[in-house]
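Asks: Just dropping this structure here.
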Amino acid sequence: GKARNPRRSAADIQITALPELKIARPWYAQIDSTVLQQNVKRLDTAYKNFFEGRGFPGFKNRSNFTSFTYVMGVKLKGNKIYLPKLGPMRFHNSSSIPDGFTIKACTVRKRQNGWYISLRIEDKSVPEYSAKILGKNPKVIGCDLGITKLVHISDGHQIENPKFATNKKAKRTLKIRQRRVSRKVKGSKNRKKAAIRVGRFHQKIGNKRQAYQWKVANKIVSRNTDVIALENLNISGMMRRCKVKNDNGRFLKNGQSRKKGLNRSI
């Protein structure tokens, strides 16, 4: 007999209803259709994660909705990029697209010092990566992550941990900038400006940390070895709060205040 159509997901039903939504709320027509579709898919993924026990989706408004994705219509020409419904705009081309690759998707993200775009590109002629076949006696190194030293490698090599966020200078700068925020009037423009300065400092730390991690990863991978083994750390378990010690209604010390500094380092 004739095969029945599979049951449509909640995301498919909402995507089908988007044209009706544009009629009911005309300003939705100013947003590219693929952006709306991707947002619905993000919501669907968030609820799937919730039903699998990963937490309820957080509410998004215009202050914390900081990224959106196009899946077609994006064009590059020199130092200009064309985004559907937004038009052409100048950008700093940090890394050019190799010849033969096509743009499959474009994600626009808002950060403290401006807007960033990341492109997903594809070249179907490039062969897929195939795993290396190991011999009888492969060279293996193990990496143990730490806090005093960032990585301990089984061949005796150690990689330093710069502690970009927890060194003395960073902690002092962050303390001063956060204090400036708390001293401003709530809801004022000056408070928002001070908060942006705190955000920029966090972004600077994040950029330093990410650049250093790529450098460390390159160091490890470029070693003369066949296999790299990493420990499977349960970070959320390591950062979990200490159990409460209760003695007939009186709370005893449980080491949580000391663990706060350790959690920051982790």
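Readers should treat all values here as calculations from the given coordinates under stated rules, not as data from a laboratory. Fair warning: this is a prediction, and the values are worked out from it, not measured in the lab. Here the Cβ is made from the backbone with ideal geometry for all residues, glycine too, and neighbour counts use every protein chain on show.
Asks: With a 10 Å radius around each residue's Cβ, average the other Cβ atoms per peptide and rank 229-242, 124-137, highest first.
Replies: 229-242, 124-137
Asks: Placing one identical point scatterer on every Cα of the chain and ignoring solvent, what is log10 I(q)/I(0) from the Debye formula at q = 0.16 Å⁻¹?
Replies: -1.46
Asks: Kirkwood Rh over alpha-carbon pairs of the stretch 10-51, then Stokes-Einstein at 4 °C and 1.567 mPa s: what D in µm² s⁻¹, rounded to an integer?
Replies: Answer from the Stokes-Einstein relation: 120 µm²/s.
Asks: Where is the GNM fluctuation largest for the chain (alpha-carbon springs, 10 angstrom cutoff): 192, 60, 110?
Replies: Comparing 192, 60, 110 in the GNM, the peak value goes to 60.
Asks: Please check: in the Gaussian network model of the chain (C-alpha springs, under 10 Å), which one of 205, 153, 23 has the largest mean-square fluctuation.
Replies: Comparing 205, 153, 23 in a Gaussian network model of the chain, the most mobile one is 23.
Asks: Under 20 °C and 1.002 mPa s, how fast does the stretch 46-97 diffuse according to Stokes-Einstein, given a Kirkwood radius computed over C-alpha pairs? Answer in µm²/s, whole number.
Replies: Once the numbers are plugged in, D ends up at 150 µm²/s.
Asks: Now for a different question. Counting alpha carbon pairs within less than 8 Å and at least 6 residues apart, what relative contact order, in whole percent, applies to the chain?
Replies: In percent, rounded to a whole number, it is 11.
Asks: Mind listing the phi-derived Karplus ³J(HN,Hα) values for the stretch 97-113, rounded to whole Hz, using 6.51, -1.76 and 1.60 with θ = phi - 60°, and x for any glycine or proline?
Replies: Couplings: 7, x, 4, x, 8, 10, 7, 9, 7, 9, 10, 9, 10, 9, 10, 5, 10 Hz.
Asks: Could you work out the local net charge near residue 82, counting Lys and Arg as +1, Asp and Glu as -1, over the other residues with Cβ closer than 15 Å to its Cβ?
Replies: Local charge sum for residue 82: +4.
Asks: Viscosity 1.306 mPa s, temperature 10 °C: what is the translational diffusion coefficient of the stretch 140-233 from Stokes-Einstein with a Kirkwood Rh over Cα pairs, rounded to a whole number of µm²/s?
Replies: For these conditions, the coefficient is 100 µm²/s.
Asks: Let me know the Kirkwood hydrodynamic radius for the stretch 67-122, please, with Cα pairs as the basis and the value in Å to one decimal.
Replies: It works out to 11.8 Å.
Asks: Counting alpha carbon pairs within less than 8 Å and at least 6 residues apart, what relative contact order, in whole percent, applies to the stretch 140-233?
Replies: That works out to 34 percent.
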